[in-house]
Amino acid sequence: MDGCQKDRGYMKMAENKYQIIANEIRERILTGYYPSDQPIPDELSLAEQFGCSRMTMKKALEVLVLEGLLYRKRGHGTFILKSALQQDRVNVLDKETKGLTETAKGKKVTSHVVQFNVEFPIETVANYLAIETTDPVYKIIRVRYVDGEPFVIEKTYMPVQRVPGINEEVLRGSIYQYIQGKLGLTIASTHKMIRADKPDELDREYLKCAFDDPVLEVEQIVFLGSGQPFEYSFSRHRYDKFVFKTVNIKW
């Protein structure tokens, strides 16, 4: 076996090892092996437990961060996202996250702000965002238009501390462009939960839905590159304006 073949073999073994470790830690998380209210062991301790290098363990944990099972809190450690433990829904993981402005390229996207204020979150919202109920969040309700046609109503919660400086000027444009361009943050992945629903009062008023028109609701949690969730939102779409496409990711 020449040197190149040996190198490829070692790389393959390392790749398989971090995937195996990620699978084992995922199983531990989902079965309650690690307490959900405490940080999991640090990278060095886990590397010693699993008999691997710290770099291999770092890659294994990054897989679980991208999946939305773990998030990192600077200076405090790596924690389990409590909402990830809910097993009563079918989740779709999007590794690539794009906002409406990006997906509707070539078309004019505008926004109408229905509600914008800062408030303290209820416990459910706080759990999804991995914050305390004493941490303020933005509550945003926007109607998004594509070429003048009502496309979606978005109800969004974002932690003020993680996404500072949002104002009505930002809301009239793209929040994701502001986060990535102005704040210099990386948006890593999204967990989506998709369901059909009947139109409510806002749907009928802003999306021009009839009483018997179905609405597609996308509930989602969006994560920064650090693994921290920064958005918990509900997007309600007219049935004739929404197509969802996804790609299965094999780690």
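Over the Cα atoms of the stretch 117-251, how large are the radius of gyration and the largest Cα-Cα distance (Dmax), in Å?
15.5, 43
For the pair E132 and R172, how long in nm is the line joining their label points, each one 7 Å along Cα→Cβ?
3.7 nm
Of K155/K241; K155/K198; K17/K192; K82/K108; K58/K139; K59/K155, which ones are farther than 27 Å apart at the Cα? Show your work: numbers first, answer last.
On the way: K155/K241 18 Å; K155/K198 16 Å; K17/K192 29 Å; K82/K108 38 Å; K58/K139 34 Å; K59/K155 34 Å.
As for pairs spanning more than 27 Å Cα to Cα, those are K17/K192; K82/K108; K58/K139; K59/K155.
Taking the Cα centre of the stretch 92-241 as the origin, how large is its charge dipole in debye, to the nearest 20, when only Lys and Arg (+1) and Asp and Glu (-1) carry charge on their Cβ atoms?
Charge dipole, the stretch 92-241, about its Cα centre: 520 debye, nearest 20.
From Cα pairs below 8 angstrom and at least 6 apart in sequence, can you work out the relative contact order of the stretch 105-166, rounded to a whole percent?
RCO, the stretch 105-166: 35 percent.
Under a plain spin-label model, where a point goes 7 Å from the Cα along Cα-to-Cβ, how far apart in nm are Q38 and V160?
My value for the distance between the label points is 3.3 nm.
Relative to the present Cα-Cα distance, how much length would full extension add between S226 and K108 at 0.36 nm per residue of separation? Kindly include the intermediate steps, with their values, before the conclusion.
Values: separation 118, 0.36 × 118 = 42.48 nm, distance 3.19 nm.
This chain segment gains 39.3 nm when fully extended.
Suppose the chain between Q180 and E205 were pulled fully straight at 0.36 nm per residue; how much longer would it get relative to their current alpha carbon spacing?
The span from Q180 to E205 would gain 5.8 nm if fully extended.
Values quoted throughout were computed directly from the atomic coordinates according to the rules given, and no laboratory measurement underlies them. Source: prediction; values computed, not measured. Cβ sites come from the backbone with ideal geometry, for glycine too, and all protein chains shown count toward neighbours.
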